[in-house]
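These notes concern the structure reproduced below.
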Amino acid sequence: MRQLPKRPKLSPLLERRLGEETLKITRSTSPKEEAETIYANSRAAAWFKPIIAALGKLSGMGARCMYCSGSESSDVEHYRPKSSFPEYAMTWKNYLWICTPCNRAKLNQFPIAADDSAILINPLDENVWRYFYIDEFGNLSPTWDVQRDDYCLRGIKTAEIIGLDRQALQEARRSRMDDLKEKVGDTIALVKANELTVSAAKSRVVKWRKQPFQPDVADYFLNGPGRKEQPFKALFSLLNAAT
Ligand SMILES: [Zn+2]
């Protein structure tokens, strides 16, 4: 998971169309079946394509999955499953863009906490780095919840439901972390030796942020709380001191 850009508004035309389809579902005598049919027809229809394009744009270069950041997305995810929440089947705010392995893992799971709030973290509409961090081995791990005196429940459950700690993903994260640390170390040395300008170093950071290989790791260390860890901290203080 990584922090994604804010979800933009859809065009009034698309919102109206989604609203019309939602009305058909909520007025139906069998909303679950109606939601399945209407969604399947819409997904294949031309009018729905701008929605897919908008989701693809939000997931950035390489269209990495909004849950695992590891594979190319190909599936529209209903954050609240349409089997339990047919009224949200045609709602823009309920859509994410994810890969097939994550979709297969999640299926219709959507646990609810004792206070009725969602347990699954929504990477588009929430601050994911409240719940996760990247540890020293490059693993995506749940943060510690002081009140609970345990790892945070939403982080644990989200990782479990989606399988965010799949071995292949954790290995890829470690590889991306090691690579980033090496690049950052080299860049610091070059700037200090006056062999690379600060502005060229900043361009490197912009490029690393966009690269589609486990972008969750780059987001954590280059945009998120990981900026405070070495060697990232040293890089940003060097770049900021120069401006
Ligand atoms: Zn995925």
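Bear in mind these aren't lab numbers, they're just calculated from the coordinates by the rules spelled out. On a predicted model such as this, the values are computed, not experimentally measured, just so you know. Virtual Cβ from ideal backbone geometry, glycine too; neighbours counted across all protein chains shown.
Can you compute the helix-only [θ] at 222 nm over the chain? Use -39500 (n - 2.57) per DSSP H run of at least 4 residues, normalise by all residues, nearest 500 deg cm²/dmol. Numbers along the way, then the final one.
On the way: 9 runs with 113 residues, N = 243.
Taking each H run of at least 4 residues, the total per residue is -14500 deg cm²/dmol.
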*Cα-centre dipole for the stretch 32-112 with unit charges at Cβ (Lys and Arg positive, Asp and Glu negative), debye to 20*: 200 debye
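How large is the convex hull of the Cα atoms of the stretch 167-241 per residue, expressed in Å³ as a whole number? Show your work: numbers first, answer last.
Details: hull volume 5.7 nm³, N = 75.
Here the figure is 76 Å³ per residue.
Under Stokes-Einstein, with the Kirkwood radius over Cα pairs standing in for Rh, what whole-number D in µm²/s applies to the chain at 25 °C and 0.890 mPa s?
Values: Rh = 19.6 Å.
Using the Kirkwood radius from Cα pairs, D works out to 125 µm²/s.
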_Inter-label distance for LYS233 and LEU13, nm, one decimal - labels placed 7 Å from Cα along Cα-to-Cβ_ = 5.2 nm
*GNM on the chain, C-alpha springs below 10 Å: top fluctuator among PRO101, PRO215, PRO50?*
PRO50
*Return one number: the angle in degrees, 0 to 90 and rounded to the nearest 10, between the long axis of the Cα atoms of helix 232-241 and the longest principal axis of the Cα atoms of the chain.*
70 degrees
_Restraint check, LYS6/LYS228; LYS57/LYS192; LYS210/LYS233; LYS49/LYS181, Cα-Cα greater than 28 Å_ = LYS57/LYS192; LYS49/LYS181
*Could you check the simple spin-label distance between GLU195 and ALA168, using points 7 Å along Cα→Cβ, in nm with one decimal?*
3.8 nm
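Tell me, what is the Rg over Rh of the stretch 121-227, with Rh the Kirkwood radius over Cα pairs?
Radius of gyration relative to Kirkwood radius: 1.04.
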*If one computes the Cα centroid of the stretch 100-162 and of the stretch 1-77, what distance in Å separates the two points?*
22 Å
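To the nearest 0.05, how large is the calculated FRET efficiency for ASP115 and ASP150 if R₀ is 22 Å and r is the Cβ-Cβ distance?
Working: r = 18 Å, r/R0 = 0.81.
Calculated value: 0.80.
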_So, R0 is 22 Å and r is the distance between the beta-carbons of LYS24 and ASN108; what FRET efficiency does that work out to, to 0.05?_
0.55
